[in-house]
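The values are calculated or read from the model by the stated rules, or taken from the named source; none is laboratory data. Only a predicted model underlies this, so the values are computations on that prediction, with no experimental measurement involved. Every residue, glycine as well, gets a Cβ built from its backbone with ideal geometry; the counts of neighbours run over all protein chains shown. Keep in mind that these areas ignore ligands, DNA and RNA; they rest on the heavy atoms of the full protein, side chains included. Shrake-Rupley method; radii C 1.70, N 1.55, O 1.52, S 1.80 Å.
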Amino acid sequence: MPDHALLSLQLDHLEELQARYESALADHGFDSLLIASGAAPYRFGDDQAWHFQGYGPFLHWTGLTGRDHCWLWIRAEHKPVLWLYEPVDFWHANQPLSEEPWQTFIEVRSSQSPKAPVLDDPGSLAVIGDPALLDGVPGESNPENLLRALDETRVRKTPYEIECLAQANNLAMAGHRAARDAFADGESEFGISLAYQQATRQREADAPYHSIIGLNDHAGTLHYQYYDTQPPGHCRSLLIDAGVRFRGYCSDITRTTAGPGESHFAALIHGLERLQLRLCDMVAPGVDYIEIHRKAHQGIAALLSATGLVTGLEDDDIVEQGITRVFFPHGIGHFLGVQVHDVAGKPTPPPEDAPFLRLTRRLEPGMVVTIEPGLYFIPSLLDPLLEGELGQYLNQDLIKRLRGCGGIRIEDNVVVTATGGRNLTRDR
């Protein structure tokens, strides 16, 4: 059971959401809003549905993941109304709802129908959610300008949201420690996944995303999605990118561990972690997030030089020539909240030198971001570089030895405070 302080913060959170939503509705000419929680579609040609976690705005208000066919009605100067889909069914159980103070703020009703409720006097109504579920529902479906305004309500987290994110980090770090121990014991990727789930007490289906667990060269695939059930003959490296959901909020953490005898790779991990911590220290109000990304490339260049992977070029030239983008091809991070890649991160497109960057905003208090530099040995990116005219500057023998380790990523979750940043992942 969550402590009373957290539950009190949730009531403050709901008060703030009510004000933000009332303002957004008034600005866009609506009297009320109906939010569909969503539902998992059935697999084609099958009677089984995909696993379901819920629509972002619904989770923003309720934190109730896995609740399909529910509806939440928001009106100015009225108590929100939540319809929970609770059919009489001998095939499946209805998830019990714990009594908590937020139910004094939101009126909870039970419904045996998955259909949208009939609303009394909705006025000018907007309805948002999966379009497949809104067919025939009265009101304007998914008005684009309103959706953008509602996304903006999620950019600056309330104290309740930050505490939920902190708890999600705390739980996930227990899993990361268990994963590291399982790796040291010689477990397979599948065995490491089981150790992570056991430590976090959360099924992978309920986690915020499919855990990335890569041994050896698998760590060089950024979103590696398979688990070998047998360990490799020689475990050289582990990269695990895994999080936890807590009351709807996500953590997103990555750690990399070198195997026995991998001194070069261990030195790279140490160097990247030192860089990552400096980048985390850059998080503060007024900082352009794109500059953190660019500072990461400068740091990667210095690390490539210091470890002898690249020689004969100045650090600035390593960046200018695009070499760092081969070793570090993704963005430095993204917003985090009830979605792992939370919304409203790109009011402007990413710059040409950072095409995959998911966040292009100047930081403000209450924003929560990930900081996740990486250094990888990805054959499809490295081979053209090695075979081109820039290949003369790369230590091809050392790269050949390190390829089998796959790559490194270190990721923390950081909240922007009034004076700087608070690292939720290491705040213990």
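Debye-formula intensities of segment 43-100, expressed as log10 I(q)/I(0) at q = 0.25 Å⁻¹, are -1.22 (one equal scatterer per alpha-carbon, no solvent).
Projecting label points 7 angstrom from Cα along Cα→Cβ for Trp91 and Asp181 puts them 4.1 nm apart. Among His13, Gly233, Pro117, flag the residue with its Cα farthest along the positive direction of the charge dipole of the chain, charges on Cβ as +1 for Lys/Arg and -1 for Asp/Glu. It is Gly233. Restricting attention to the chain, close to 75% of DSSP beta bridges with both partner residues there are antiparallel. Each residue of segment 245-251 was assigned a 3J(HN,Hα) from its phi angle through the Karplus curve 6.51 cos²θ - 1.76 cosθ + 1.60 (θ = phi - 60°); the sequence is 9, 10, 6, x, 9, 9, 10 Hz, with glycine and proline shown as x. Summing charges over all other residues whose Cβ lies under 10 Å from the Cβ of Gly123, with Lys and Arg as +1 and Asp and Glu as -1, gives -1. Here, segment 257-304 has an Rg and a Dmax of 13.0, 43 Å when only alpha carbons are counted. Between the entries (i) 151; (ii) 130; (iii) 165, the label attached to volume of the Cα convex hull per residue in Å³ calculated for this structure is (iii).
Using Cα pairs under 8 angstrom and six or more residues apart, how large is the relative contact order of the chain, in percent?
15 percent
Students sometimes get this wrong: rank Arg180, Arg426 by accessible area, probe 1.4 Å, all chains present, largest first.
Sorted descending by solvent-accessible area, the residues read Arg180, Arg426.
Using Cβ point charges alone (K and R +1, D and E -1), the dipole size of segment 173-245 about the Cα centre works out to roughly 240 debye.
Which value, in Å², gives the accessible area per residue of segment 55-166 when a 1.4 Å probe is used on the protein heavy atoms? Don't skip to the answer; put the middle values down first.
Details: 5670 Å² over 112 residues.
With all protein chains present, segment 55-166 gives 51 Å² per residue.
For the chain, the longest principal axis of the alpha carbon atoms and the long axis of helix 189-200 meet at an angle near 50°. Its relative contact order, with pairs defined as Cα atoms under 8 Å and 6+ residues apart, puts segment 229-307 at 21 percent.
Close amide H partners of Val310, meaning residues 5 or more places away or on another chain with modelled amide H under 5 Å apart, are Ser305, Asn395. Against the longest alpha carbon principal axis of the chain, how many degrees, from 0 to 90 and to the nearest 10, is the axis of helix 159-184 turned? Value to nearest ten degrees: 40. Determine the sum of side-chain charges near Tyr289: Lys and Arg each +1, Asp and Glu each -1, restricted to other residues whose C-beta is under 11 angstrom from that of Tyr289. Net of charged neighbours comes to +3. Accessible surface computed residue by residue for segment 324-428, with neighbouring protein chains in place and a 1.4 Å probe, gives 40 Å² per residue. Probing with 1.4 Å while keeping every protein chain in the model, the per residue accessible area of segment 167-323 equals 42 Å². Mind checking the log10 I(q)/I(0) for segment 36-192 at q = 0.08, 0.10, 0.11, 0.17 Å⁻¹? Debye, one equal scatterer per Cα, no solvent, two decimals. So the normalised log intensities are -0.33, -0.50, -0.60, -1.17.
Give me the percent of accessible area attributable to carbon and sulfur for segment 164-215, probe 1.4 angstrom. Can you show the working numbers first?
Details: 1000 of 2070 Å².
Roughly 48 percent of what the probe reaches on segment 164-215 is carbon or sulfur.
DSSP loop trypsin sites (Lys or Arg not before Pro) in segment 287-370 with at most 16 other Cβ atoms within 10 Å of their Cβ, which ones? Counting only loop positions with at most 16 other Cβ atoms within 10 Å, none of the trypsin sites (Lys or Arg not before Pro) in segment 287-370 qualifies.
By accessible area, using a 1.4 Å probe on protein heavy atoms only, segment 327-428 has 51% of its surface on carbon and sulfur.
Helix 263-281 and the longest principal axis of the Cα set of the chain meet at an angle near 50°.
Using helices alone, I'd like the mean residue ellipticity at 222 nm for the chain: each DSSP H run of four-plus residues gives -39500 (n - 2.57), total over residue count, nearest 500.
Numbers: 12 runs with 146 residues, N = 428.
Computed ellipticity for the chain at 222 nm equals -10500 deg cm²/dmol.
Take each peptide in 159-171, 326-338, 373-385, count the other Cβ atoms within 10 Å of every residue, and average; sorted highest first, the result is 326-338, 159-171, 373-385. Against the empirical 2.2 N^0.38 Å (N residues), segment 22-67 has a Cα radius of gyration ratio of 1.56. Under the convention that each Lys and Arg Cβ holds +1 and each Asp and Glu Cβ holds -1, the size of the dipole of segment 336-428 around its Cα centre is about 360 debye. Sequence-ordered 3J(HN,Hα) estimates for segment 399-407 from the Karplus curve with 6.51, -1.76 and 1.60 and θ = phi - 60° stand at 4, 4, 5, 8, 3, x, 8, x, x Hz, glycine and proline given as x. With a 1.4 Å probe and every protein chain kept in, tell me what percent of the accessible surface of segment 84-162 is carbon plus sulfur. Answer for segment 84-162: carbon and sulfur cover 52 percent of the accessible area.
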